[in-house]
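Read the structure below first, then the notes.
Only the coordinates and a few stated rules stand behind these numbers; no lab work does. Keep in mind that this is a model prediction, so the values were computed, not measured. Using ideal geometry, Cβ is built from the backbone for each residue, glycine included, and neighbour counts are taken over all protein chains shown.
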Amino acid sequence: MKNRVLRTTSAGVRLVAAGARTAALGVRRTFGYSGPGNHREETSPLDRALSVADSIWPRLMGEPDRPTRSILFASPTRGCGTAVVATASAIALGRHLREPIGLVELDFEDLQLAQLLGAVPGVGVSDILLGQAELETTVLRTKNHPDLEAVGGGRQRALQPGDFAAPQFERLRSEMEQRCRTTIYIAPPLETCQDMRLVARRVDGVVCVVRAASTTKSEIDGALGMLDDSGARLVGSVMTGYDFDLPHSSAA
């Protein structure tokens, strides 16, 4: 993959990635505050992200004869707002398609999904991978999003090599993609989880999330190189904007 650049404009930042497997989403908007003098409304990060997700969801659904079954939302580093962007995109797909949409939190070092959805946290992906829970017991129920089937990260713990190569994960992925029209996966930071290349290789597409004035070109190059080496299809990119208080780990 060549010619990767960050372009800064008055509207914010847009990542342009060129390559044989790249089809840009064409997202030119940023989330929240984008420059000096702009009024910033007191809304939640998820609400602000939904306004952008409503404009990009058609690019995530695939073609009528070939719907997108699975998408990985991933960032080079922690603190880019991956969970917020992925959650907003899943909600937008559910609202517009009126079909079951899956949302699976793979970053169980930094749990955010239950809080974003206003759901009670419980067992989740990390417990399934340890053989201590089944999918049916992990789905987060949210009355505001009836078309969403969300599975949180579960018990907070460090990521371990082989977590996403385990047969338990393959079974989880298969079950979610059978019961849902499209399943979105929230990835841990690519710089800390080499196993994500296994997931990226198996999904239908990847959306890269970067943060303006924070994510460096070398970090972007590393992430895109990893995705390219895995054979992943980069669907597009989303930039989170200036001074946008996305949830992120305090250790980031």
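What the table shows:
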read-out: Residue order, fewest to most surrounding Cβ atoms within 10 angstrom, among 177, 191; value: 191, 177
read-out: Modelled FRET efficiency - R0 22 Å, residue 130 with residue 170, Cβ distances, 0.05 increments; value: 0.90
read-out: Dipole of region 65-213, positive end: most advanced residue of 106, 184, 158 [Cβ charges, Cα centre]; value: 184
read-out: Taking the C-alpha atoms of region 97-211, convex hull volume expressed per residue in Å³; value: 113 Å³
read-out: Globularity ratio of region 44-240, using Cα Rg and 2.2 N^0.38 Å; value: 0.93
